[in-house]
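What follows is a short report on a single structure.
The values are calculated or read from the model by the stated rules, or taken from the named source; none is laboratory data. It should be emphasised that the depicted structure is a prediction, and the values quoted were computed from it without experimental measurement. Glycine also receives a Cβ, built like all others from the backbone with ideal geometry; neighbour counts cover every protein chain displayed. Please note that ligands, DNA and RNA were not included when accessible areas were found on the heavy atoms of the full protein model with its side chains. Shrake-Rupley method; radii C 1.70, N 1.55, O 1.52, S 1.80 Å.
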Amino acid sequence: MQQDLLAALDTGHGLVLVTGPTGQGKTTAIAAALADQLCPANVVFSGDLRDVESAFRAVSLARERTVLAVLRIHRAADAFGRLRDMGIPAADVADVAHSVFTTRLLRPDAGVGATPILIHEQLVVTPAIRGLILSDADADTIHRRAIADGMRSLRQCGLDLVYMGNLQREAIFDATPED
């Protein structure tokens, strides 16, 4: 995830969100990505978007800078509806949204003391996704379009780890939303 996040931050302007439920690796992912790298100078870390004011501030800043923010939702495609629910017009969301990452921390089969594995999905806002945001499409439609555009969902990333022998299939299905 580190390289993907750093690449998203190096775009000049736009909103980059890191999402997921509480305790599922959002802060860990951000810290790991930025620990060994210098954050591009134009990046502003806006923090947790929990209210209308913080969301409006992030969107306003994202017109001129890259804004990195955290949003507590379960999957990347839910971000656009959540921002609209906070009062951000769809046109503004579509104008500034760049990428949305969703993270999950999974415990490997090695047991309780094993280091958790971070999986993620990255939804890049393509022209097709931008059009869906503008038309107020639901999260499922946006999620399916993102997969068609090449996004690897949380479940797909987790299943890769099952095939490699690092996780049990049930752990993936319990920790990730359906595709």
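For M86, the test of being among the aliphatic types (A, V, I, L, M) and under 16 Å from the mean Cα position of the chain (by Cα) is failed.
Screening segment 26-84 for residues that are among the charged types (D, E, K, R) and part of a helix (DSSP H, G or I) and picking the one that is nearest to H13 (Cα to Cα) gives R57. The set of residues in segment 123-133 being surrounded by fewer than 19 Cβ atoms within 10 Å (Cβ to Cβ), outside any helix (DSSP H, G or I) and not hydroxyl-bearing (S, T, Y) consists of V124 alone.
Scanning segment 5-25 for residues that are part of a strand (DSSP E or B) and under 13 Å from the mean Cα position of the chain (by Cα) yields L15, V16, L17, V18, T19.
So how many residues does segment 1-33 have that are under 26 Å from D95 (Cα atoms) and open to solvent by 40 Å² or more (accessible area, probe 1.4 Å)? Total meeting the criteria: 9.
Would you mind finding the one in D95, D140, D136 that is in a helix (DSSP H, G or I) and exposed (fewer than 15 other Cβ atoms within 10 Å of the Cβ)? Can you show your working first?
Values: D95 fails: exposed (fewer than 15 other Cβ atoms within 10 Å of the Cβ); D136 fails: in a helix (DSSP H, G or I).
Exactly one of D95, D140, D136 is in a helix (DSSP H, G or I) and exposed (fewer than 15 other Cβ atoms within 10 Å of the Cβ), namely D140.
Within segment 146-170, the set of residues being surrounded by fewer than 18 Cβ atoms within 10 Å (Cβ to Cβ), part of a helix (DSSP H, G or I) and not acidic (D, E) comprises I147, A148, Q156, V162, Y163, R169.
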